[in-house]
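Inspection log for the structure reproduced underneath, given as structure tokens.
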Amino acid sequence: MTRLIELVGIHKSYNLGLPNEAEVLHGVSFAIDRGEFVALIGPSGSGKSTLLNIVGLLERLTAGSYRIEGEETSGLDDAGLTLRRRAVLGFVFQFHHLLPAFSALENVTLPALMREGRVTSAQQERARAMLAAVGLGNDMQKRPGELSGGMQQRVAIARALVLEPPLVLADEPTGNLDRASSDEVFVLMRRMHAELNTSFLIVTHDPRLAARCDRVIELVDGHIESDTSTGATG
Amino acid sequence: MVNWLGFERRVAIRFLREGRMQTVLIIVGVAAGVAVVAYISALITGLQRNTLEKTLGAQAHVTVSARDDVVIPAREPAADTAVLVQTQPRVQRPRTIVNWQSLVPVLEAMPAVAAVSPMVAGAGLAQRGEASKSIALMGVDLDRYDRIVHLRSKVVQGEPRLGPGEGIIGRELADDLGVRVGDRISLVTGTITDSLRVTALVDLGVRELNRRTVIVPLRAAQSLVGLPGGATGIDLALVDVWAAKALAADLSQRFPYKVESWQEANSQLVSALNAQSVSTALIRGVVMVVVVLGIASVLVVSVVQKQREIGILRAIGATQGQMLRVFLLQGAIVGAVGSTLGVLLAVGLIKAFTTFVRGSDGLPLFAITLAPSLALSIAGIATVCGVLAAVAPARRAAALDPAQAIRL
């Protein structure tokens, strides 16, 4: 069976060919299947964010192989990477990263607008339903600046999921939130995972959160230290 | 094509609205630049048209006359000998154009020629009582000559007629001689004296001309100048005044006559007009460069300010092409909105000019209008400039590394 994503022997170096060349990832291999809920943990500086950027096609790998649904990505040009990103990936960032000039609803319809140049009424409905599902049915017209951190992150999750990508990448999605909001956001992600069968790869340094994921990959100094199934169900 | 550039348009407009102050400032800047360009263009066009109308109103676009008399050496010098001679230039006596009667229909048949008028010109004196004034005598056919200089529209008094023994004279000459419409004056040229009845007074727009002009029937002039059946010149009016030079060159190649265009006859005026046009073009160019630099600098700042948003958009699937177009579109919007306001401002300036700047007679100095085609082309150019100004910032935005942009 083709894996959703499959990384084999990933190396990543910065400042290639310069005196200050530094290798951050030293041969990382793992795969994620459809419907998995995976935590990526590790101390800061271990290369988590770099790895997530590589999985998210935002950075290129230096050596190794990265296949999405069986297709090798390392040879793709920028346009090819962007199209893959659109088709397969949703992003949730630590600092919400909504567009401040757009309302919550407009932020959620952006991916559709970007693909087709317009938002059909069906897509509009879908975005509304998505925002309602994350508990923001009454705040759709508000700008991100008028929403709390937890609410902003829920908008970001709605945006990441609105076109139902097979894989959502989340970089410290709760890193900036208090405990109550962070629980809320996490529960929301688990619920979406259950409802849509979307795979999640969540970078976190919160062990409490990691323990509630199905599988935990631990990255230390650019190596995979451990890759274990927890048997947790959220 | 309802959703043409839908994403780019939305994002571009939002970005512009978000940077409210910057956007307002740059649009005002573009408007000011476009207003200056449009106003200057309209002003200079109006001024030049006015000058040309005044100049060409009293003269033919092209004149054909007999070639000057030159001294022809009795014998061709041998090829390898240099001959040192001192030659007295010949006297230029009044001469008729050979065969002018058959030349007139040939000229009339040319598509570029609007009117043809044969004439006899000479010098003489106008006398009445003790007053004697030197004059420039012109013998013409009234209908034909009217089509060259619109003589009838320049009549200030009387009913223009050129029957036998009748004539039209300049307003100042009438004052000098103390004549009114209907009075008689004597014309003296060399040996011949003739008298004429003044049927109308004309104002040709130039006082010196008014002081000297006497217009008589062709036949009367022929006998006064001593060229029976002759014509010293043929005046042409053209459909397009600017074709005069080329036509004159063409005619002097084809016919053994001296052909002069109004540009050659008014070379100083033409070079002044050219200098004016060149300066206007320079001013327009410099203003446009300033506008382009203004738009570019605002967009460069905007790209830096919006790095994070650009990174997010790229991460969630915007292509490099889309980011490029978002910023090109911002340039186009600023150019289009700014130039629309600028054209309106220019219309206001022109209105102010025609209202407040008036000649000594209380009438506007000359008509200046902003032709819609000129306004449209200026606005179009400004919009294109906006897009051009956006090229560098847009490429920068497109080239941003999304991973780095997000981290900021």
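Looking at A:Ala87, A:Ala112, A:Ala180, A:Ala158, can you tell me which residue is at the interface with another protein chain (Cβ under 9 Å from one of its Cβ atoms), under 26 Å from A:Leu201 (Cβ atoms) and either in contact (Cβ under 8 Å) with a residue 60 or more places away in the chain or not in a loop (DSSP other than H, G, I, E, B) (or both)?
Answer to the check: A:Ala87.
So is A:Leu196 modelled with pLDDT of 85 or more, surrounded by 20 or more Cβ atoms within 10 Å (Cβ to Cβ) and either touching a helix residue (DSSP H, G or I) at 6+ places or on another chain (Cβ under 8 Å) or closer than 22 Å to B:Ala403 by Cβ (or both) or not?
In short, no.
Pairs only if they're at least six apart or on different chains, beta carbon under 8 angstrom, first in the range B:273-284 and in the same structural domain as B:Gly46 (by TED's automatic domain parsing), second small (Gly, Ala, Ser); list them, first residue then second.
B:Thr280/B:Ser41; B:Arg284/B:Ser41
Identify, please: which residue in the range A:63-84 is in contact with a helix residue (DSSP H, G or I) (Cβ under 9 Å, 6 or more places away or on another chain) and at the interface with another protein chain (Cβ under 10 Å from one of its Cβ atoms) and is, among those, nearest to B:Ile310 (Cα to Cα)?
A:Thr82
Of B:Glu166, B:Glu172, which residue is over 21 Å from B:Pro118 (Cα atoms) and out of contact with any Cys (no Cβ under 7 Å at 6 or more places or on another chain)?
Details: B:Glu166 fails: over 21 Å from B:Pro118 (Cα atoms).
Just a single option satisfies the conditions, and that option is B:Glu172.
List the number of the failed condition for B:Pro256; all other conditions in (1) part of a loop (DSSP other than H, G, I, E, B); (2) touching a Pro at 6+ places or on another chain (Cβ under 8 Å) hold.
If we test B:Pro256 against (1) part of a loop (DSSP other than H, G, I, E, B); (2) touching a Pro at 6+ places or on another chain (Cβ under 8 Å), just (2) comes out false.
Matching residues to (1) farther than 27 Å from B:Leu293 by Cβ; (2) part of a loop (DSSP other than H, G, I, E, B); (3) aliphatic (A, V, I, L, M):
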{"residue": "B:Ala336", "(1), (2), (3)": "no, no, yes"}
{"residue": "B:Ala367", "(1), (2), (3)": "yes, yes, yes"}
{"residue": "B:Ser373", "(1), (2), (3)": "yes, no, no"}
{"residue": "B:Ser377", "(1), (2), (3)": "no, no, no"}
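Somewhere in the range B:67-78, is a residue out of contact with any Pro (no Cβ under 6 Å at 6 or more places or on another chain), of a type in the set (Gly, Ala, Ser) and part of a helix (DSSP H, G or I)?
no
Is it the case that the range B:47-70 has a residue that's β-branched (Val, Ile, Thr), loosely packed, with under 14 Cβ neighbours inside 10 Å and outside the structural domain of B:Val241 (by TED's automatic domain parsing)?
There is at least one residue in the range B:47-70 that is β-branched (Val, Ile, Thr), loosely packed, with under 14 Cβ neighbours inside 10 Å and outside the structural domain of B:Val241 (by TED's automatic domain parsing).
Considering only the range B:236-248, I want to know if a residue exists there that is surrounded by 15 or more Cβ atoms within 10 Å (Cβ to Cβ), touching a residue at least 40 places away in the same chain (Cβ under 8 Å) and of a type in the set (D, E, K, R). Don't jump to the end; show me each part of the working.
Of all residues in the range B:236-248, those surrounded by 15 or more Cβ atoms within 10 Å (Cβ to Cβ) come to B:236-238, B:241, B:243-245, B:247-248.
Adding the requirement that they be touching a residue at least 40 places away in the same chain (Cβ under 8 Å) leaves B:236-238, B:241, B:243-244, B:247-248.
Filter once more, so that each one left must be of a type in the set (D, E, K, R): none.
No: the range B:236-248 contains no residue that is surrounded by 15 or more Cβ atoms within 10 Å (Cβ to Cβ), touching a residue at least 40 places away in the same chain (Cβ under 8 Å) and of a type in the set (D, E, K, R).
Using the structure shown, decide if B:Ala315 is within 13 Å of chain A (Cβ to nearest Cβ), touching a residue at least 24 places away in the same chain (Cβ under 8 Å) and either touching a strand residue (DSSP E or B) at 6+ places or on another chain (Cβ under 9 Å) or of a type in the set (Val, Ile, Thr) (or both).
yes
Counting only residues that are part of a helix (DSSP H, G or I), under 22 Å from the mean Cα position of the chain (by Cα) and polar (S, T, N, Q), which one in the range B:5-62 is nearest to the other protein chains (Cβ to nearest Cβ)?
Checking each candidate, the answer is B:Ser41.
Can you tell which of A:Gly137, A:Gly149 is away from every other protein chain (no Cβ under 14 Å), farther than 18 Å from A:Gly90 by Cβ and buried (at least 16 other Cβ atoms within 10 Å of the Cβ)?
Working: A:Gly137 fails: buried (at least 16 other Cβ atoms within 10 Å of the Cβ).
Answer to the check: A:Gly149.
Could you tell me which residue of the range B:318-334 is nearest to the other protein chains (Cβ to nearest Cβ), considering only residues that are among the β-branched types (Val, Ile, Thr) and part of a helix (DSSP H, G or I)?
B:Val326
Scan the range A:134-156 for residues that are within 13 Å of the chain's Cα centre (by Cα) and more than 15 Å from A:Thr109 (Cβ to Cβ) and report the count.
1
So, of the residues in the range A:208-232 that are in a loop (DSSP other than H, G, I, E, B) and of a type in the set (Asp, Glu), which turns out to be surrounded by the fewest Cβ atoms within 10 Å (Cβ to Cβ)?
A:Asp221
Report, by residue number, each residue of the range B:10-46 that is at pLDDT below 90 and either among the polar types (S, T, N, Q) or outside the structural domain of B:Gln276 (by TED's automatic domain parsing) (or both).
Matches in the range B:10-46: B:Gln22, B:Ser41, B:Thr45.
Taking the range A:90-104 only, how many residues are more than 7 Å from chain B (Cβ to nearest Cβ), assigned to a loop (DSSP other than H, G, I, E, B) and either modelled with pLDDT of 90 or more or over 19 Å from the mean Cα position of the chain (by Cα) (or both)?
2
To keep it simple, each residue is scored yes or no on (1) in contact with an Asp or Glu (Cβ under 7 Å, 6 or more places away or on another chain); (2) in a strand (DSSP E or B); (3) closer than 15 Å to B:Ala123 by Cα; (4) outside the structural domain of B:Tyr145 (by TED's automatic domain parsing).
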| site | (1), (2), (3), (4) |
| --- | --- |
| B:Ile169 | no, yes, yes, no |
| B:Glu172 | no, no, no, no |
| B:Leu196 | yes, yes, no, no |
| B:Ala200 | yes, yes, no, no |
| B:Ile215 | no, yes, yes, no |
| B:Arg219 | no, no, no, no |
| B:Asp235 | no, yes, no, no |
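Is it the case that the range A:136-153 has a residue that's within 28 Å of A:Gly42 (Cβ to Cβ) and touching a Gly at 6+ places or on another chain (Cβ under 6 Å)?
No: zero hits.
The values are calculated or read from the model by the stated rules, or taken from the named source; none is laboratory data. Note that the structure is predicted; figures quoted are calculated from it, not measured. Cβ sites come from the backbone with ideal geometry, for glycine too, and all protein chains shown count toward neighbours.
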